[in-house]
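Heads up, the thing below is written out as structure tokens.
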Amino acid sequence: MLFTAVLFLIVAAGGLTMAGMKFSGKTIPAPLALGHGLLALVAVIFLFFSVFTNGVGTTLVTAKVFLLITALVGLVLFSFRAGKRSPPFRLILVHGTLAAIGITLLLVAFFA
């Protein structure tokens, strides 16, 4: 499960980088956006496997729910990019906030 937590922290670093670029008016490079999404997908898959192998606690289930909702919002953000439109700043903030809550809960479950 430590590997999963580290993956999510790497994904979060990429997300913070992209958010900073977006809010400063810079264009987000496609490889960064795609890498962020693909690595997040891998992290979610590892999270599911770790839940099955390490047991299920309430905090871990809650983290999983937050991170799945985050992934769905990320798909919506990606659809904006695929349609060559700029996503609303509020949606980016919601995505980041959900991710921060989910990763925090994941770390709490890991260290508890």
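The values are calculated or read from the model by the stated rules, or taken from the named source; none is laboratory data. Since we're looking at a predicted model, the values are computed, not measured. Every residue, glycine among them, receives a Cβ derived from its backbone with ideal geometry; neighbour counts consider all protein chains shown.
What number of residues within segment 15-27 are more than 14 Å from residue 103 (Cα to Cα) and touching a residue at least 12 places away in the same chain (Cβ under 8 Å)?
In the first step, residues of segment 15-27 are kept if they are more than 14 Å from residue 103 (Cα to Cα); the result is 17-27.
Still in the list and also touching a residue at least 12 places away in the same chain (Cβ under 8 Å): 17-19, 22-23.
The number of residues fulfilling the criteria is 5.
Considering (1) of a type in the set (Phe, Trp, Tyr); (2) touching a residue at least 60 places away in the same chain (Cβ under 8 Å); (3) touching a helix residue (DSSP H, G or I) at 6+ places or on another chain (Cβ under 7 Å), the lone condition that residue 89 does not fulfil carries the number (3).
Being in a helix (DSSP H, G or I), out of contact with any helix residue (DSSP H, G or I) (no Cβ under 8 Å at 6 or more places or on another chain) and more than 14 Å from residue 105 (Cα to Cα) is a property that residue 41 lacks.
Any idea how many residues of segment 87-112 are of a type in the set (Gly, Ala, Ser) and farther than 18 Å from residue 14 by Cα? If you could, list the steps in order and put the result at the bottom.
Within segment 87-112, the first condition is being of a type in the set (Gly, Ala, Ser), and the residues that meet it are 96, 99-100, 102, 109, 112.
Retained after the next criterion (residues that are farther than 18 Å from residue 14 by Cα): 109, 112.
Here the count works out to 2.
Of everything in segment 1-26, what is at pLDDT below 90 and β-branched (Val, Ile, Thr)? Give them in sequence order. Within segment 1-26, just 4 meets the criteria. Would you say residue 10 is more than 15 Å from residue 108 (Cβ to Cβ), part of a helix (DSSP H, G or I) and over 10 Å from the mean Cα position of the chain (by Cα)? Considered against the rule, which asks whether it is more than 15 Å from residue 108 (Cβ to Cβ), part of a helix (DSSP H, G or I) and over 10 Å from the mean Cα position of the chain (by Cα), residue 10 comes out as no. As an exercise: evaluate residue 4 against (1) closer than 30 Å to residue 84 by Cβ; (2) in contact with a Phe, Trp or Tyr (Cβ under 7 Å, 6 or more places away or on another chain); (3) hydroxyl-bearing (Ser, Thr, Tyr) and give the number of the one condition it does not meet. Going through (1) closer than 30 Å to residue 84 by Cβ; (2) in contact with a Phe, Trp or Tyr (Cβ under 7 Å, 6 or more places away or on another chain); (3) hydroxyl-bearing (Ser, Thr, Tyr) one by one, residue 4 breaks only (1). Considered as a group, the residues in segment 49-72 that are of a type in the set (Ser, Thr, Tyr) and surrounded by 12 or more Cβ atoms within 10 Å (Cβ to Cβ) include one that is modelled with the lowest pLDDT, and that residue is 50. The single condition from (1) touching a Ser or Thr at 6+ places or on another chain (Cβ under 8 Å); (2) exposed (fewer than 14 other Cβ atoms within 10 Å of the Cβ); (3) not charged (D, E, K, R) that residue 45 fails is (1).
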